[in-house]
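Asks: Attaching a single structure in structure tokens format; questions to follow.
The values are calculated or read from the model by the stated rules, or taken from the named source; none is laboratory data. Just so it is clear, the structure is predicted and the values come from calculations on it, not from any experiment. When we count neighbours, we look across all protein chains shown, and the Cβ atoms used for this are built from the backbone with ideal geometry, even at glycine. Each accessible area value is taken on the protein alone, full model and side chains, heavy atoms only, with ligands, DNA and RNA left out. Shrake-Rupley method; radii C 1.70, N 1.55, O 1.52, S 1.80 Å.
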Amino acid sequence: MAERAGVTKQTVSNVVTGRVRVRPETEAKVRAAIEALGYTPNLVARSLATGATRTVGLFVPTVASSFYSEVVEEVENVLEQRGYHLLLCTTRQDGERARRHMAGLSSRNVDALLIAGDQDLADHLPLLADARFPIVLCAWETDAPVTHPVVTIDYEQAGYLAGRHLRELGHERVAVLASLPSHQDRLDGFRKAFARDGIAVPDSAVHVATDASAVGGFDAAVRALARMPEVTAIFATHDILALGALEAARAEGRSVPGDLSIVGHDDVAETRHTRPTLTTVAIPARDMARQAVELLLRSVEDERPPVNALQLLRPTLVVRASSGPAR
């Protein structure tokens, strides 16, 4: 292979292992020779020789959510481009399952670990205290731990954007459908937007969804409308809850947005196909995932811990047909 590419054996090794960078034109020659000869590296032998597996672990709560499926896809895209493999673990919002995964992975031969989402994980981070590989957290919504770098979203700002949008439309009597305590920052931001105009969003206006699903959103919205029939707007801290709220409005005979404005959070794909289409706060999930995994890979390749910092990405408001002026 070295002869075919016109380089030394060490240069071929540098390209294959990725431990030493070579000039792009030289790497292109080696890659072309690899493809022409159909060479497949022996990953086990490489791992034994270099101590590196070129494998990155990823924890997510679920892959059923379009938000986390985007995170997984983007992480895998970056890893594939950089010559790494993905080891995926789902916690399924089960604390004991998360603990087992963490305990097992701390002794597995991976080069780095990315943890996306903080559900049922924060209490188990000490299990990774002695891990020999770098760790980065992303999509972290509860208090960010000081033990690891975090790349996440400004969730309080996301709630604030939703609140200011409704206030600018003249809404004063509102209800919130929330997954608590995990979405407390979104609720705090929403309340701050109303407080700016001297309007309080009391606890009685906040309705906790018992399930993060359209059914959970439907049930919470029905309760909200029964308790507060005068409301003119609903903010849901999950788009999936907002989809349930749209169904509840139809069931109650309320037009959207004529009688009731509805605003969601996340901008999942389904929001673009509802009737009416859903106003929501878009979260840059792919940008977040890309920045987090690139931070990890820089740490691996530079052979030093990643900078222990907190990075917040900005959300954006996407106005569609489900929100309008207060009646």
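Asks: Quick one: if the Förster radius is 35 Å, what FRET efficiency do ARG314 and GLU25 give, using the C-beta to C-beta distance and rounding to 0.05?
Replies: Efficiency, from the Cβ-Cβ distance: 0.35.
Asks: For THR277 and GLU73 in one chain, what is 0.36 nm times their gap in residues minus the Cα-Cα distance, to one decimal in nm?
Replies: Details: separation 204, 0.36 × 204 = 73.44 nm, distance 2.53 nm.
Contour length minus the Cα-Cα distance gives 70.9 nm.
Asks: Ok, one more. When you count, for each residue, the other Cβ atoms within 10 Å and take the mean per peptide, how do 236-247, 298-309 rank with the highest first?
Replies: Working: 236-247: 26.8, 298-309: 13.3.
So the peptides 236-247, 298-309, ranked by packing, come out 236-247, 298-309.
Asks: Any chance you could run the full-extension gain for ARG132 through VAL146? It's 0.36 nm times the residue separation minus the Cα-Cα distance, nm to one decimal.
Replies: Values: separation 14, 0.36 × 14 = 5.04 nm, distance 1.79 nm.
Full-extension gain reported as 3.2 nm.
Asks: Another question, then. FRET efficiency for ALA226 and LEU180, Cβ-Cβ distance as r, R0 = 22 Å, nearest 0.05?
Replies: On the way: r = 20 Å, r/R0 = 0.90.
Result of the calculation: an efficiency of 0.65.
Asks: Shifting gears a bit: Of the accessible area of the stretch 169-322, with the probe set at 1.4 angstrom, what percent is carbon plus sulfur? Spell out each step's value before the answer.
Replies: Working: 3460 of 6720 Å².
Carbon with sulfur: 52 percent of the solvent-accessible area.
Asks: Expected output is a single nm value to one decimal: the length gained when fully extending between GLU303 and ARG327, i.e. 0.36 nm times separation in residues minus the C-alpha distance. What is it?
Replies: Taking GLU303 through ARG327 to full extension adds about 2.6 nm, to one decimal.
Asks: In Å², and per residue, what accessible area does the stretch 242-327 have when probed at 1.4 Å with the other protein chains present?
Replies: Accessible surface, normalised per residue, equals 47 Å².
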